[in-house]
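Down below is the structure, laid out as structure tokens.
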Amino acid sequence: MDTAGAQRTESQRGQASVELLGVLPAVLLAALASWQIVLAGHTAWLAGNAARVAARADVVGRDPGAAARSALPARLRRGLIVKTRGDGRIDVRVRVPIVVRSAASPLRVGASAALRER
């Protein structure tokens with residue numbers, strides 16, 4: 001009886017390691033996808049802030065594009081698009097950085113803001 005149990009244990013030795021290696025790529029992919037979602041959300045928040053800063057600058061007669069650039073981290077300034085509409089609304093679009101930095105991101109997030117003079 002002990003011999004059969006010992007043989008079963010010997011045949012299953014290393015099974016957990018093999019299963020871990022099988023699951024590890026899926027876990028890493030899920031972690032990368034989660035981090036990409038976090039980056040997109042943070043970029044959207046920063047774009048909203050840049051739009052508000054640009055709108056404030058426009059109201060006081062300053063350059064909204066320069067104001068939006070100053071409100072963003074250096075890495076997000078490349079690919080920044082700032083548009084001023086006729087109704088006083090400022091649109092800001094920013095590229096979403098990607099986790100794997102080998103290529104430029106095709107995704108952009110945007111925000112718009114408007115302030116009225118008092």
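The values are calculated or read from the model by the stated rules, or taken from the named source; none is laboratory data. Predicted model, so just to flag it, every value in this text is computed and none were measured. Every residue, glycine as well, gets a Cβ built from its backbone with ideal geometry; the counts of neighbours run over all protein chains shown.
Residues satisfying the criterion are absent from segment 27-45 (criterion: of a type outside the set (A, V, I, L, M, F, W, C), at pLDDT 85 or above and not in a helix (DSSP H, G or I)). Across segment 101-117, the qualifying residues are those that are part of a loop (DSSP other than H, G, I, E, B) and closer than 16 Å to Arg52 by Cβ, and the one among them that is farthest from the chain's Cα centre (by Cα) is Glu117.
The residues of segment 17-55 that are of a type in the set (Ser, Thr, Tyr) and surrounded by 13 or more Cβ atoms within 10 Å (Cβ to Cβ) amount to a single one, Thr43.
Which one is farthest from Arg52 (Cα to Cα), of the residues in segment 77-100 that are aliphatic (A, V, I, L, M) and not in a strand (DSSP E or B)? Spell out how you get there, then give the answer.
Narrowing segment 77-100 to residues aliphatic (A, V, I, L, M): 80-82, 90, 92, 94, 96, 98-100.
After this cut, where a residue has to be not in a strand (DSSP E or B) as well, the list is 80, 96, 98-100.
Numbers: Leu80: 15, Val96: 19, Ile98: 25, Val99: 27, Val100: 30 Å.
Looking at residues that are aliphatic (A, V, I, L, M) and not in a strand (DSSP E or B), I get Val100.
In the set Leu80, Leu76, only one residue is within 20 Å of Val100 (Cβ to Cβ) and either more than 16 Å from the chain's Cα centre (by Cα) or not charged (D, E, K, R) (or both); that residue is Leu76. Evaluated against (1) assigned to a loop (DSSP other than H, G, I, E, B); (2) without any contact (Cβ under 8 Å) to a residue 60 or more places away in the chain; (3) out of contact with any Asp or Glu (no Cβ under 9 Å at 6 or more places or on another chain), Gly65 falls short on exactly one condition, (1). A Cβ distance below 9 Å, combined with a sequence gap of six or more or placement on separate chains, defines the contacts here; from segment 85-114, residues that are in contact (Cβ under 8 Å) with a residue 60 or more places away in the chain and of a type in the set (S, T, N, Q) reach residues that are surrounded by 14 or more Cβ atoms within 10 Å (Cβ to Cβ) and in a strand (DSSP E or B) in the pairs Ser112/Lys83; Ser112/Ile90; Ser112/Asp91; Ser112/Val92.
For Arg69, the requirement of being modelled with pLDDT under 95, out of contact with any Phe, Trp or Tyr (no Cβ under 6 Å at 6 or more places or on another chain) and charged (D, E, K, R) is not met.
Which is modelled with pLDDT of 90 or more, out of contact with any His (no Cβ under 8 Å at 6 or more places or on another chain) and not small (Gly, Ala, Ser), of Val100, Val109, Val23? Steps first, please.
On the way: Val100 fails: modelled with pLDDT of 90 or more; Val23 fails: modelled with pLDDT of 90 or more.
Within the list Val100, Val109, Val23, the selection yields Val109.
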